[in-house]
Amino acid sequence: MDLGGQTINLPAGVTLLYKEGEIINGTLNFSGSGVIDGDLLNKDLTIEGDVQLNDPVFQFYPERWDIVQGDVDMQRAKDNSLGIQVAVDLVHTLSGSTFEIDAMDAFFYGKGGFNYNIVMPSNFHLKMTDNTHLRTFPSVDEYSTFLIMIQGVENVKVSGGYLHGDRDLYGRRDNLPRSHTMKIKTGVNVVIENVHMSNATQDGLAIESNRFAYDANYVGSNNVLVKNCVFDSNSRINLTITDGRNITVE
């Protein structure tokens, strides 16, 4: 169903369920207590109004979110990053709590220095499988290639999947752009479980906090569990903990 760029205003209490097909090229505006099936969400459909998902567990399908898998150029890797972040933000807005990714093998690249790829919201579980491979596109910017960033949020879980850094993609060993596959920077109640992190130019996982402890607005990382993860061939060090409390590594 192509909406032709129109906004469709739906009355209160409408539930839209997926029975194959798709709705594209327009906006659905729910006037109250709306419900939408997560399988209807895609990059070409805007959702507005009072609405939530019919199931808090959302299954991510790369082809619906402008993700091109395999070898790509830098712009395409940036578009991949934008596509997956749009999906994460929309699912969170619609009261989704679990974001599941199965088969995907794609490169990602932040839009510039200190711009990251998947930025996690609070109260959210990114659940991947052994078929999920997130890859860092070779960078020309500092810290643009964190595949997953957990910053200033709470109640976050990342499980499963393979995070591949860009250490071996430059044809040299020195003066590589600095980045980690994942960073926790003031995360409270965070679980990282069964994640494979490899080949970062710096650290596989770095745990720290926003600001310094003497700052009046300091909030430290707290209650972090890193469990059953694999750290392999990250260039500086595999796991770094520079600030936080109640951090457990198993």
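The values are calculated or read from the model by the stated rules, or taken from the named source; none is laboratory data. A quick note: this is a predicted structure, and the numbers were derived from the prediction, not measured. All Cβ positions, glycine included, derive from the backbone under ideal geometry; neighbour counts span all protein chains shown. Only protein heavy atoms, including side chains, enter the accessible area calculation; ligands, DNA and RNA are left aside. Shrake-Rupley method; radii C 1.70, N 1.55, O 1.52, S 1.80 Å.
Applying 1/(1 + (r/R0)^6) with R0 = 22 Å to the Cβ-Cβ distance of Thr15 and Ala103 gives a FRET efficiency near 0.15. Working from Cα positions, state the angle (0 to 90°, nearest 10) between the long axis of helix 74-93 and the longest principal axis of the chain. Here the helix axis deviates by roughly 60 degrees.
When the chain is treated as a Gaussian network with alpha carbon springs shorter than 10 Å, the biggest mean-square fluctuation among Glu208, Glu193, Glu20 belongs to Glu20.
Springs between Cα atoms under 10 Å define the GNM used for the chain, and in it the highest mean-square fluctuation of Ser33, Ser159, Ser97 occurs at Ser33. When the listed pairs Lys78/Lys157; Lys78/Lys227; Lys43/Lys185; Lys157/Lys185; Lys127/Lys183; Lys19/Lys127 are checked against a 20 Å cut-off, the alpha-carbon distance exceeds it for Lys78/Lys157; Lys78/Lys227; Lys43/Lys185; Lys19/Lys127. Shape analysis of the range 87-176 yields a ratio of the Cα radius of gyration to the Kirkwood radius, Rg/Rh, of 1.00.
Might you tell me the accessible area per residue for the range 102-188, computed with a 1.4 Å probe and given in Å²? Don't skip to the end; give the middle numbers.
On the way: 3360 Å² over 87 residues.
That works out to 39 Å² for each residue.
For trypsin sites (Lys or Arg not before Pro), the sites in the range 1-89 that DSSP calls loop and that have at most 13 other Cβ atoms within 10 Å are Lys19. Carbon and sulfur together cover what percent of the accessible area of the range 51-210 at a 1.4 Å probe radius? C and S fraction of accessible area: 45 percent.
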